[in-house]
Amino acid sequence: MVQLVGSLRKELSDSLSTSKVLVVGAGGIGCELLKNLVLTGFKNIEVIDLDTIDVSNLNRQFLFQKKHVGKSKAQVAKESVLQFCPSANITAYHDSIMNPDYNVEFFRRFALVMNALDNRAARNHVNRMCLAADIPLIESGTAGYLGQVTVIKKGVTECYECQPKPTQKTFPGCTIRNTPSEPIHCIVWAKYLFNQLFGEEDADQEVSPDTADPEAAWNPDEAAARASASEKDGDIKRVSTKEWARSTGYDPVKLFNKLFKDDIMYLLAMDKLWKKRKAPTPLDWQQLENSVCPQEEAAGPGLKDQQVLGVWGYCQLFQHSVEKLRSQLQEKGENAELVWDKDDPPAMDFVTAAANLRMHIFSMNMKSRFDVKSMAGNIIPAIATTNAIIAGLIVLEGLKILSGELESCCTIFLNKCPNLRKKLLVPCVLDPPSTSCYVCASKPEVTVKLNVHKTTVLSLQDRILKERFGMVAPDVQIEDGKGTILISSEEGETEANNSKFLADFGIRNGSRLQADDFLQDYTLLISVIHIEELERDVEFEVVGEAPDKAPLPQSNPEEVNSITNGNKDSAQPSTSSKAPAEDDNIMIVDSDEEGGASSSSAAATSGSKRKHSDTETGETSTKRPRTDQSSAAAAPTEDDDDIIALD
């Protein structure tokens with residue numbers, strides 16, 4: 001007769017009380033998961049999360065209360081969970097899982113690792129650490145009403161990186177600076193502007209007109225002479241935006257006239273840009289102030305955040321937000337910097353105002369503060385019930401693993417609407433490892449196209465090895481028979497190489513590089529294909545994958561005569577493809593709503609896996625093309641301020 005302890009077999013119950021498990025992330029899913037684990041009988045749990053509690057977390061991360069705002073999520077989660085089960089042994093780390101202290105030996109201490117993360121870089125890292133330690137990993141993800149859970153085991157199932165993830169959406173700098181055609185372009189510009197004025201300046205986030213725009217093909221000297229500006233404030237040297245702003249004392253009116261009048265008139269002088277586009281319309285503070293009608297700016301019905309103000313309303317919001325941000329800088333002292341946060345009212349007001357004024361200038365319909373926040377903060381609505389369901393499924397898969405029944409594990413999809421079989425939960429068999437995976441294959445290898453005369457060693461390290469291939473601290477040597485060290489993870493050892501081009505080290509078409517990440521116990525062989533010219537805005541290309549760039553424009557016969565900027569709310573964009581509304585929302589999770597249920601049914605019967613999403617981001621990989629656009633998250637974590645984050 002089978003002995004039961006509660007609802008579990010005694011053998012399994014004993015295993016739970018002795019097995020040590022690691023939970024990575026203590027946010028929306030993490031809170032539910034920790035509660036489930038202790039109530040199921042897990043006694044030895046370690047949890048790690050670098051984040052602190054924000055007031056916006058309190059509506060769904062139930063282990064936290066208002067008094068906990070600003071404290072470590074991991075530590076508070078531990079304290080709250082111990083109230084459910086005081087006898088549990090829980091260790092909390094307020095730290096990043098990518099810290100070198102958490103090496104392969106650290107991971108080998110656990111019987112099981114459960115991810116509850118919200119960014120791709122950390123997911124890739126944990127995936128590799130579990131592969132190196134040969135420890136089972138349970139991955140999960142939610143996006144609104146949708147959710148997914150899957151199991152990863154070295155040599156048995158696909159790893160997290162076996163299937164390519166969609167490239168995080170980015171936009172060419174000249175589009176952001178010169179020819180925005182969609183609201184998201186203006187929102188990205190406004191976020192860049194915040195950093196240029198109040199935060200840490202980044203040369204890649206310049207907001208002034210891009211005089212190097214190849215499309216313009218203009219004469220800067222001639223155009224500068226033609227670009228008129230305000231008498232006192234127009235003679236602005238195009239140097240540091242922050243330096244100029246400081247010289248004005250962060251005067252809101254002077255900032256306004258520079259950004260929305262002088263810079264726009266400078267753009268108008270680049271006349272070739274406007275031959276097939278509607279030209280922007282400069283704004284002048286004094287003219288707007290003199291022409292404003294009081295009734296025009298009166299607040300409308302409905303929630304304040306969901307109202308769309310008039311132009312003068314956004315001018316006033318711009319003024320007030322600049323004054324508040326200026327005060328914050330003064331309080332912090334000389335050379336202080338602010339960090340943009342969607343939950344900081346003055347910062348959010350500034351981006352809302354600046355983005356909407358730019359939308360108006362470029363003939364787009366303006367957006368409410370709520371809409372701007374959703375896109376600027378890359379928010380997918382997080383639903384507590386979805387998190388709870390997914391956390392429960394994680395525990396069920398964990399019980400199978402600890403029972404020695406790995407073969408019965410599966411990928412489970414939670415749908416918003418029932419499929420044709422009237423199921424919300426659709427299980428699919430786990431797929432075997434991909435033979436072409438550059439992470440879990442026996443000898444990981446990739447081929448990269450680049451220009452060896454233009455690609456620097458620093459670009460190879462940061463853009464290719466770290467950003468594209470997810471390495472943390474790469475060491476690179478050239479397979480030239482000498483073992484030439486190109487990049488060393490030891491600080492200062494190869495810094496002199498950073499600014500040099502790959503060709504300077506004899507790297508040419510057909511050269512091979514060996515990249516090692518000793519923290520991840522991971523080696524990748526890279527074959528280099530030299531190519532003189534890649535497509536515009538593409539630095540490199542991984543052979544077999546689509547180029548890493550923004551979408552190319554597509555012409556539509558019906559739109560040829562539409563010479564305008566804007567989005568579909570006003571007129572079709574002239575510089576980007578016509579896209580559904582969700583295209584502003586970058587990360588897509590597969591779902592079966594709106595007629596897609598049949599595809600889910602097919603997945604359940606055939607055993608083919610659908611997309612697997614990042615926890616609470618909706619970031620996905622895919623094995624089959626998406627047939628509907630019903631679910632999306634707002635527009636490149638934590639890693640990429642332009643593209644990720646829910647919890």
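The values are calculated or read from the model by the stated rules, or taken from the named source; none is laboratory data. Keep in mind the model is a prediction, meaning the values are calculated, not measured. All Cβ positions, glycine included, derive from the backbone under ideal geometry; neighbour counts span all protein chains shown. Surface accessibility is based on the protein's heavy atoms, side chains included, excluding ligands, DNA and RNA. Shrake-Rupley method; radii C 1.70, N 1.55, O 1.52, S 1.80 Å.
If you go through segment 376-410 and keep only what is closer than 30 Å to ALA354 by Cα, part of a loop (DSSP other than H, G, I, E, B) and either in contact with a Leu (Cβ under 7 Å, 6 or more places away or on another chain) or among the small types (Gly, Ala, Ser) (or both), you end up with GLY377, ILE379, ILE380, ALA382.
Every residue, every condition in (1) touching a Lys or Arg at 6+ places or on another chain (Cβ under 9 Å); (2) assigned by the TED database to the domain that holds ILE389; (3) part of a strand (DSSP E or B), yes or no:
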{"site": "ILE412", "(1), (2), (3)": "no, yes, yes"}
{"site": "LYS422", "(1), (2), (3)": "no, yes, no"}
{"site": "SER434", "(1), (2), (3)": "no, no, no"}
{"site": "LEU460", "(1), (2), (3)": "no, no, no"}
{"site": "GLY492", "(1), (2), (3)": "no, no, no"}
{"site": "ILE507", "(1), (2), (3)": "no, no, no"}
{"site": "GLY510", "(1), (2), (3)": "no, no, no"}
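Exactly one residue out of GLY470, GLY481 is touching a helix residue (DSSP H, G or I) at 6+ places or on another chain (Cβ under 6 Å) and either surrounded by fewer than 16 Cβ atoms within 10 Å (Cβ to Cβ) or not charged (D, E, K, R) (or both), and it is GLY470. Each residue in segment 148-182 was checked for being at pLDDT 90 or above, within 18 Å of the chain's Cα centre (by Cα) and not aromatic (Phe, Trp, Tyr), and 1 of them qualify. In the set TRP244, TRP218, only one residue is open to solvent by 30 Å² or more (accessible area, probe 1.4 Å), at pLDDT below 55 and in the same structural domain as SER327 (by the TED database); that residue is TRP218. VAL372 meets each of the listed conditions (1) over 26 Å from GLU139 (Cα atoms); (2) more than 24 Å from the chain's Cα centre (by Cα) apart from (2). Could you look through segment 349-375, keep only residues that are part of a loop (DSSP other than H, G, I, E, B) and of a type in the set (Ser, Thr, Tyr), and pick out the one that is nearest to LEU117 (Cα to Cα)? Residue satisfying both the conditions and the ranking: SER368. Across segment 486-498, the number of residues qualifying as open to solvent by 50 Å² or more (accessible area, probe 1.4 Å) and in contact with a strand residue (DSSP E or B) (Cβ under 6 Å, 6 or more places away or on another chain) comes to 1.
I'd like to know if segment 340-348 contains one or more residues that are touching a His at 6+ places or on another chain (Cβ under 8 Å), assigned to a loop (DSSP other than H, G, I, E, B) and buried (at least 19 other Cβ atoms within 10 Å of the Cβ). Checked segment 340-348: no residue is touching a His at 6+ places or on another chain (Cβ under 8 Å), assigned to a loop (DSSP other than H, G, I, E, B) and buried (at least 19 other Cβ atoms within 10 Å of the Cβ).
Screening GLY333 with (1) on the phi > 0 side of the Ramachandran plot; (2) open to solvent by 70 Å² or more (accessible area, probe 1.4 Å) gives one miss only, at (2). For segment 520-542, filtered to residues that are modelled with pLDDT of 90 or more, open to solvent by 20 Å² or more (accessible area, probe 1.4 Å) and among the hydrophobic types (A, V, I, L, M, F, W, C), the residue that is nearest to GLY483 (Cα to Cα) is LEU525.
Against the test of being farther than 24 Å from GLU206 by Cβ and either open to solvent by less than 40 Å² (accessible area, probe 1.4 Å) or at pLDDT 95 or above (or both), the options GLY302, GLY313 yield a single qualifying residue, GLY313. Taken together, the residues in segment 125-142 that are open to solvent by 10 Å² or more (accessible area, probe 1.4 Å) and over 17 Å from ASP101 (Cα atoms) amount to 4. Here LEU396 meets each of (1) modelled with pLDDT under 95; (2) surrounded by fewer than 18 Cβ atoms within 10 Å (Cβ to Cβ); (3) more than 21 Å from the chain's Cα centre (by Cα) with one exception, condition (1).
The requirement of being assigned to a helix (DSSP H, G or I) and among the small types (Gly, Ala, Ser) is satisfied by ALA503.
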